[in-house]
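Written out below as C-alpha cells is the structure these notes cover.
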Amino acid sequence: MPRRSKEEAEKTRLHLLETALALFAEKGISRTTLKDVAAKSGLTHGALYWHFKNRTDLVSALYAECRFPIDDLYIDQLQSARQDALEAIEDFLTQWCLLILEDERAGNIWRVFHRGTDADPELQVIEELIHDEHLEWLEYLSRFIKQGRKQGVIADKATKKDPLPSATLAIILGIVGSVQLLGRDKIKLKAHIKQSLTTYIYGLGEKH
C-alpha cells in the first residue's frame with residue numbers, strides 16, 4: 001500500500017475512534033452501534049468494518065489511544081510535594097477534577113472508561129488494563145501521602161496496607177459525581193470542588 005494511503009487509513013481510523021469516544025460518552029457503549037459511529041463519522045458501515053471487526057475491537061482500540069491524561073498533573077506537583085505535601089495533594093486533586101469537568105476529551109475518557117460502568121462486556125475484555133491504570137494512580141497518590149508522612153503533616157498508617165490512596169481516589173469519584181448534579185455553572189462547580197477537597201485535606205492533617 002502506498003505511504004499516502006497508509007497515512008490516510010490511519011487518519012480515518014483515528015477519526016472513527018474520536019467519534020466513537022464522543023458517542024460512547026454521550027449514549028453509553030451498549031447503546032451505541034457501529035452503524036451510529038460510521039454515520040456520525042460520515043463514513044460507510046463497510047469502511048468502519050475495514051478497521052474494526054466489532055464493537056469490542058473498537059472499544060479495545062479506543063482504550064489503547066485514550067489513557068486518562070493525568071501523568072503531567074502528577075509530574076507538575078512532584079516538586080511542590082517536597083516542600084508542602086498537603087498543598088501538593090490538594091492542587092493535584094483539584095486539577096484532576098477540573099480536567100474531567102472542563103476538558104471535553106478528558107471528560108469523555110473518564111465517562112467511558114473510569115466511571116464504573118463495567119457491566120458492558122466490551123469493558124470486561126480490557127478490565128485488567130483499566131485496573132492496572134488505576135493502580136498507577138494509586139501509586140501516584142501513595143507517593144504524595146508518603147511525603148506528607150515524612151513531613152509530619154499526615155499521621156502514620158495504623159495498618160500494614162495503607163487505606164489513604166484508595167480513600168483519596170474514592171474522593172475524586174465522589175466529587176466528580178456530585179458536581180455533575182450542580183449543572184454547568186463553573187463558579188459553583190469550582191467552589192464545590194474547593195470546599196470538598198479543603199475539608200478532605202484538613203482531615204488528612206495530623207495536627208489541626
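FYI, it's all coordinate maths here, none of it is from the lab. Since the structure is predicted, the reported quantities are computational estimates derived from the model, not experimental observations. In this analysis, Cβ positions are derived from the backbone assuming ideal geometry, glycine residues included, and neighbour counts consider all displayed protein chains.
Points to keep in mind about this one:
- Its DSSP H runs of at least 4 residues, each contributing -39,500 (n - 2.57), put the calculated 222 nm mean residue ellipticity of the chain at -24500 deg cm²/dmol, to the nearest 500.
- Per-residue Karplus couplings for segment 91-100, computed as 6.51 cos²θ - 1.76 cosθ + 1.60 with θ equal to phi - 60°, are listed in order as 5, 4, 5, 4, 5, 4, 4, 5, 4, 5 Hz, Gly and Pro entered as x.
- Separation of the residue 14 and residue 44 label points, Cα + 7 Å toward Cβ, nm: 2.5 nm
- Degrees, to the nearest 10: 3-27 long Cα axis against longest axis of the chain: 60 degrees
- Extension gain for the segment residue 139 to residue 173, taken as residue separation times 0.36 nm less the Cα-Cα distance, is 10.6 nm to one decimal.
- Convex hull of Cα atoms in segment 71-204, direction-averaged projection (nm²): 8.8 nm²
- Using alpha-carbon coordinates, inclination of helix 104-113 to the longest axis of the chain, degrees: 90 degrees
- Principal-axis analysis of the Cα atoms of the chain puts helix 186-204 at an angle of about 50° to the longest axis.
- Once the chain from residue 160 to residue 75 is taken as fully extended at 0.36 nm per residue, the excess over their C-alpha distance is 27.9 nm.
- Extension gain for residue 7 to residue 199 (0.36 nm times residue separation, less C-alpha to C-alpha distance): 64.1 nm.
- Label-point gap, in nm, between residue 27 and residue 84 - each point 7 angstrom along Cα→Cβ: 4.8 nm
- Each 5 Å bin from 0 upward holds the following percent of the Cα-Cα pairs of segment 3-65: 4, 19, 33, 27, 12, 3, 2, 0.
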